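A quick write-up on the structure given underneath.
The values are calculated or read from the model by the stated rules, or taken from the named source; none is laboratory data. Since this is a predicted model, take the numbers as computed values, not measurements. No Cβ is skipped: glycine too gets one built from the backbone with ideal geometry, and neighbour counts run over all protein chains shown. Areas reflect the complete protein model, heavy atoms only, side chains present, ligands, DNA and RNA absent. Shrake-Rupley method; radii C 1.70, N 1.55, O 1.52, S 1.80 Å.
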Amino acid sequence: MKNINTALVLGATGLVGKALVTQLFSDSRYCKVTCLVRKPLKHCDYPDPKGILEPIVIDFDALQDYQGYFNADHIYVCLGTTIKHAKSRAAFRKVDFEYVHIAAQLARAQKAKSFVWISSVGANAKSKSFYLRVKGELENAILNLSGLQHPSAVRPSLLLGERPETRFAERIGIVFAKLISPLLFGRWAKYKPVSARQVAAHMITLQNFSAKESAK
């Protein structure tokens with residue numbers, strides 16, 4: 001299978017983003033992986049045996065100025081923060097809604113073949129939880145964006161993986177989630193904790209490879 005696809009990744013420094021970029025490097029279907037980042041990547045964290053990585057440092061508050069990079073075949077958006085880290089609901093919404101929504105609009109303008117982003121299990125525009133409400137509002141906004149090709153939301157539960165910072169409450173939550181995970185089945189299975197690698201792999205499976213592969 002030839003390397004015939006290009007990918008654009010937003011949020012490459014996060015837990016899922018790192019796992020995703022690593023998997024894209026080893027996927028024979030890709031010939032180029034462009035990452036839009038806030039600061040230069042540490043290349044030691046992103047082993048690139050094929051030499052296909054192109055990191056671009058940008059100002060996310062002026063994301064629309066980088067529209068040209070959205071002409072990639074597949075757009076992956078792994079952006080996300082927490083209210084604690086963002087310091088306010090407005091700052092959280094800017095990252096988790098505005099940046100992702102703008103990215104979807106740019107992908108549409110550049111006719112990207114597919115657009116996949118990370119949402120959350122329980123996302124609902126009518127939720128009483130601010131976090132889940134924002135995620136639900138974003139899903140509605142993107143899925144109703146006329147002309148955007150193959151949009152898909154990934155809805156993970158608690159993410160498992162090595163994080164650069166230690167969050168005590170999150171550690172406790174992960175331990176508890178692992179303990180009850182065997183009890184979650186049927187309609188509750190979606191609440192099982194999931195590894196960042198699994199989420200990344202699922203994002204790749206949701207992309208639209210058919211157009212170019214059918215032309216081989």
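Structure notes:
- Residues (open to solvent by less than 20 Å² (accessible area, probe 1.4 Å), over 10 Å from residue 7 (Cα atoms) and part of a strand (DSSP E or B)) located in region 26-76: 36, 37
- Being over 21 Å from residue 139 (Cα atoms) and of a type in the set (Phe, Trp, Tyr) is a property that residue 25 has.
- For residue 54, the conditions (1) among the acidic types (Asp, Glu); (2) over 19 Å from residue 201 (Cα atoms); (3) in contact (Cβ under 8 Å) with a residue 24 or more places away in the chain are fulfilled apart from (3).
- Cβ-Cβ under 6 Å pairs, at least 6 apart or on other chains, region 63-74 side of a type in the set (D, E, K, R), far side assigned to a strand (DSSP E or B): 73/5; 73/6
- Remark: pairs (first residue in region 77-91, more than 23 Å from residue 115 (Cα to Cα) and open to solvent by 50 Å² or more (accessible area, probe 1.4 Å); second residue outside any loop (DSSP other than H, G, I, E, B) and among the β-branched types (Val, Ile, Thr); Cβ separation under 7 Å; 6+ apart in sequence or on different chains) = 89/83.
- Checklist (1) open to solvent by 30 Å² or more (accessible area, probe 1.4 Å); (2) modelled with pLDDT of 80 or more applied to residue 183, failing item: (2)
- Across region 199-216, the qualifying residues are those that are hydroxyl-bearing (Ser, Thr, Tyr) and at pLDDT below 95, and the one among them that is nearest to residue 18 (Cα to Cα) is 210.
- Scope region 92-115; condition open to solvent by 10 Å² or more (accessible area, probe 1.4 Å) and charged (D, E, K, R); matching residues: 93, 94, 98, 108, 111, 113
- Qualifying residue in region 8-31 (condition: closer than 15 Å to residue 110 by Cβ, in contact (Cβ under 8 Å) with a residue 12 or more places away in the chain and more than 13 Å from the chain's Cα centre (by Cα)): no
- Restricting attention to region 116-137, the residues being in contact with a helix residue (DSSP H, G or I) (Cβ under 8 Å, 6 or more places away or on another chain), surrounded by 15 or more Cβ atoms within 10 Å (Cβ to Cβ) and over 20 Å from residue 196 (Cβ atoms) number 4.
- Unmet criterion (only one of (1) of a type outside the set (Gly, Ala, Ser); (2) farther than 22 Å from residue 104 by Cβ; (3) touching a Phe, Trp or Tyr at 6+ places or on another chain (Cβ under 7 Å)) for residue 41: (3)
- Top-ranked residue of region 107-134 - restricted to ones that are of a type in the set (Lys, Arg) and within 19 Å of residue 206 (Cα to Cα), ranked as farthest from the chain's Cα centre (by Cα): 111
- Criterion violated by residue 96 - all others in (1) in contact with a Gly (Cβ under 7 Å, 6 or more places away or on another chain); (2) without any contact (Cβ under 8 Å) to a residue 24 or more places away in the chain satisfied: (2)
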